[in-house]
Amino acid sequence: MPGFLPPSMRGALAAMLLVVNTCFWCVPLFAFSLIKLVLPIKPVRIAVDRVLNAIASNWIACNSSWMRLTQRTKWDVAGLEELEYRSWYMVHCNHQSWVDIFVLQHLLNKRIPMLKFFLKRQLIYVPIIGLAWWALDFPFMRRHSSAYLLTHREKRVEDLDATRRACEKFAFMPTSVMNFPEGTRFTADKHRIESSPYRYLLKPKAGALAQSLSILGNRFRWFLDVTIVYPESVPTFWQFLCGSVPKISVRARRLAIPPELRGDHFAGDPQFRKTVEHWLQDLWRDKDRQIEALLDPGQQGPNR
């Protein structure tokens, strides 16, 4: 590990390795995605999707390699022991930084199927990686405020249809559908503005979860609830690249999905939506208490 280098040089080295790794794996990724685009038939799609997921998994594995090379981070991780690679997962996590994505990928790669994130529509325009997300069928969502949807109800239907189309693409092979229910990264200002009832979290939004369960509820074997905590302070992505994150604590819980949330449901059904919201709020209260415990200086946990 180049620990003798100053943080800025380690950050530059990590950034270079990330860019080189991304460009290298995007070449075969785009080539195979063109095959799927030209021949959109089920047998071809299934075969190509397996290749695309393998390419993405190798990209993540290489990212983990440069992370180990350039970082001194102490990982405090628990709850990954019983995960099954060939099961279907609905994965939820609190959201604080772009670093969260690399943490999740690093820890869950090859433990569960490839993570497919719900992303803001604007992220499709991120150079190279936005196109890679599109090739891997990541669902891109348009984020609208509740006030906007009250006066433009047709947009709610458009969002539901977009989510349905994205989820239907996952039906061919085991998949891990990943969502950040808060819809945005946590900040003290956002927490204050929305008057969140939680101490360390924003209010969770149940829309993506309700839609995913209404379409794929019978396929999901497990719900994976992940909590990420940065005990020192929430890092920027540059601080992460520089190896300036002393410790990352992660707790994962594999939970059974309640029977009432399985089966055929209409995501827009008020009763089903309310049931999903209540379940998610219970999870969020538990997560808030867990974050408080992990931030306790006396809290001890296993290392990975």
> So how many residues does the stretch 57-79 have that are under 23 Å from Phe170 (Cβ atoms) and at pLDDT below 95?
Replying inline: 0
>> Can you tell me which of (1) under 20 Å from Met9 (Cα atoms); (2) among the hydroxyl-bearing types (Ser, Thr, Tyr); (3) in contact (Cβ under 8 Å) with a residue 12 or more places away in the chain is the one Tyr85 doesn't meet?
In response: (1)
> Counting only residues that are modelled with pLDDT of 85 or more and assigned to a strand (DSSP E or B), which one in the stretch 102-142 is farthest from Gly79 (Cα to Cα)?
Replying inline: Lys116
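Provide a single number: the residues in the stretch 1-43 that are in a helix (DSSP H, G or I), over 27 Å from the mean Cα position of the chain (by Cα) and either within 20 Å of Lys116 (Cα to Cα) or not hydroxyl-bearing (Ser, Thr, Tyr) (or both).
Within the stretch 1-43, the subset in a helix (DSSP H, G or I) is 7-38, 42-43.
Retained after the next criterion (residues that are over 27 Å from the mean Cα position of the chain (by Cα)): 7-9, 38, 43.
Subset that is either within 20 Å of Lys116 (Cα to Cα) or not hydroxyl-bearing (Ser, Thr, Tyr) (or both): 7, 9, 38, 43.
The total comes to 4.
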> Which of (1) part of a helix (DSSP H, G or I); (2) in contact (Cβ under 8 Å) with a residue 24 or more places away in the chain; (3) of a type in the set (Lys, Arg) does Arg185 not meet, given it meets every other one?
Replying inline: (1)
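Identify all residues within the stretch 112-144 that are in contact with a Pro (Cβ under 6 Å, 6 or more places away or on another chain) and under 14 Å from Gly183 (Cα atoms); write none if there are none.
Within the stretch 112-144, the first condition is being in contact with a Pro (Cβ under 6 Å, 6 or more places away or on another chain), and the residues that meet it are 113, 118.
Correct list: Phe118 only.
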> Do you know which residues across the stretch 240-275 are surrounded by 16 or more Cβ atoms within 10 Å (Cβ to Cβ) and free of Cβ contacts under 8 Å to residues at least 24 places away in the same chain?
Replying inline: Thr275
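Here's the yes/no breakdown for (1) under 27 Å from Ser64 (Cα atoms); (2) under 16 Å from the mean Cα position of the chain (by Cα):
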| position | (1), (2) |
| --- | --- |
| Leu209 | no, yes |
| Ser214 | no, no |
| Leu224 | yes, yes |
| Ile228 | yes, yes |
| Lys247 | yes, no |
| Val250 | yes, yes |
| Arg254 | yes, yes |
| Gln271 | no, no |
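The values are calculated or read from the model by the stated rules, or taken from the named source; none is laboratory data. Quick caveat, the model's predicted, so the values are computed rather than measured. Don't worry about glycine lacking a Cβ; one is built from the backbone with ideal geometry, like all the others, and counts go over all protein chains shown.
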